[in-house]
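**Q** So that we are looking at the same thing, I have put the structure below in structure tokens.
Just so it is clear, none of the values below were taken in a lab; they were calculated from the coordinates. Nothing here was measured: the structure is a model prediction, and the numbers come from that model. Here the Cβ is made from the backbone with ideal geometry for all residues, glycine too, and neighbour counts use every protein chain on show.
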Amino acid sequence: MRSALESLRHLAIHDPMEVIVPLIIFGLVFLAGWFGRRLILRALEAWNARNPSRARTILYEGLRGPLLIWALMLAVHFAVESSEIPARYAGISANILITLWILSLTLMSMRVAGDIVRFYGGQMPSAMPVTTLTQSLAQIAILILGGLILLNHFGVSITPILTALGVGGLAVALALQDTLSNLFGGFYVAVAGQVRLGDYIKLNTGEEGYVTDIAWRCTTIRALANNLVIVPNSKLSQAIVTNYHLPDKRIGVSFNVTVSYDCDPVEVQAAIGEVLARAVTEVEGLVADPAPSVTFDPGFTENGIGLSVNYQVREFAAQYNVRNQLRQRIFYKLKEIAAVVPYPSRTVYLRGTGRRRVEDGGAQPGGREERP
């Protein structure tokens, strides 16, 4: 490095044109590259304005940064080629530039691949669900490919590297058992398709909510209270999961209505049926097909006649608002037809046994009983 600086200083003193010409070439090439970058980006903007497309937006965002770096690298290359520096240093410069070019191209490809998976992966019917894990896998694949290209450029054989990784892989696997179990658990969950983004699930341990992300280590669930529940992928893959969005988002719901034994059950059923028929077109989230129904179930109870209101809602979270609306409408309808909703009560019949004892339930002092 010191000898290279001394050579440059010597050229600048004795033959300044040998330094000025490469600098001029550097500036001209960089300006040309910068101008070309502007033309390319403006062409993409105009094309996207005429015919909006997410693919062109992804391409624009991916090229905006690397194009400037490539213009700078191209300017350095031409400046070095036009200079009189020793071939040794010119070769080192070329290797540095090609390394930087491969790295920048790899990083750009990783970003573009992640965006493509995020925005287009869910539109493919046979593709894996679009999660953080799938995006990371796509980017890791691009990174490995870029690393292999770089090694191949420098003539490095990857066979010894693979052998070393195979020998050390066992030790790494033993040291990272939990991490690897979470990684493969998340991969299994994503590939199986039984738990997808946006599904409402409930685990046998009690956690429930909407699946918002499946990462390499854990799955994030958003509860109805808007809290995030973080579940390790290894636990999720082993848990008993109830998915309320499979095979369909619609779920069946029911609640009981109890009226007095003095009411006519047929009249009450007809009145509740009218409420349900009208609510189908007025209550958001209530499903019209199959139509809501009223059944004489559980029937005879301790407090009165029990009726069951059965209906379906569009998805899990809609059941709370629908149930609230239906209960209010049924309450006012029962008041309209003068149907009595009884308080919890119980009738107790007391019968004499022909013999009674004192209040403490035992014989009187002395062992004698009081007879009627």
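**Q** For all pairs of alpha-carbon atoms in region 178-243, what percent lies in each bin of width 10 Å, listed from the first bin to the last filled one?
**A** With 10 Å bins starting at 0, P(r) equals 25, 60, 15, 0.
**Q** Which of ARG351, ARG56 comes first, and how do the rest follow, when ranked by fewest Cβ neighbours within 10 Å?
**A** Ascending Cβ contact count within 10 Å gives the list ARG351, ARG56.
**Q** Take ARG323, ARG38 and order them by how many other Cβ atoms sit within 10 Å, fewest up front.
**A** Listed from fewest to most nearby Cβ atoms, that is ARG38, ARG323.
**Q** I would also like to ask the following. Using Cα positions and a limit of under 23 Å, work out the lysines in reach of LYS202, with same-chain residues fewer than 8 apart set aside.
**A** Correct list for LYS202: LYS235, LYS249.
**Q** Grab the beta carbon distance between ASN256 and ARG314, set R0 = 22 Å, and tell me the FRET efficiency rounded to 0.05. Please list the in-between numbers first.
**A** Details: r = 23 Å, r/R0 = 1.03.
Step by step, r from the Cβ atoms, then E = 0.45.
**Q** Tell me the GluC sites (Glu not before Pro) within region 252-283 that lie in a loop according to DSSP and have at most 15 other beta-carbon atoms within 10 Å.
**A** In loop regions of region 252-283 (DSSP not H, G, I, E or B), the sparsely surrounded GluC sites (Glu not before Pro) are GLU282.
**Q** Between Rg and the Kirkwood Rh of region 251-336, both from Cα atoms, what is the Rg to Rh ratio?
**A** Reported Rg/Rh (Cα atoms, Kirkwood Rh): 0.96.
**Q** Now for a separate question. Arrange THR301, THR220 by Cβ neighbour counts within 10 Å, fewest through most, would you?
**A** Ranking THR301, THR220 by Cβ neighbours within 10 Å, fewest first, gives THR301, THR220.
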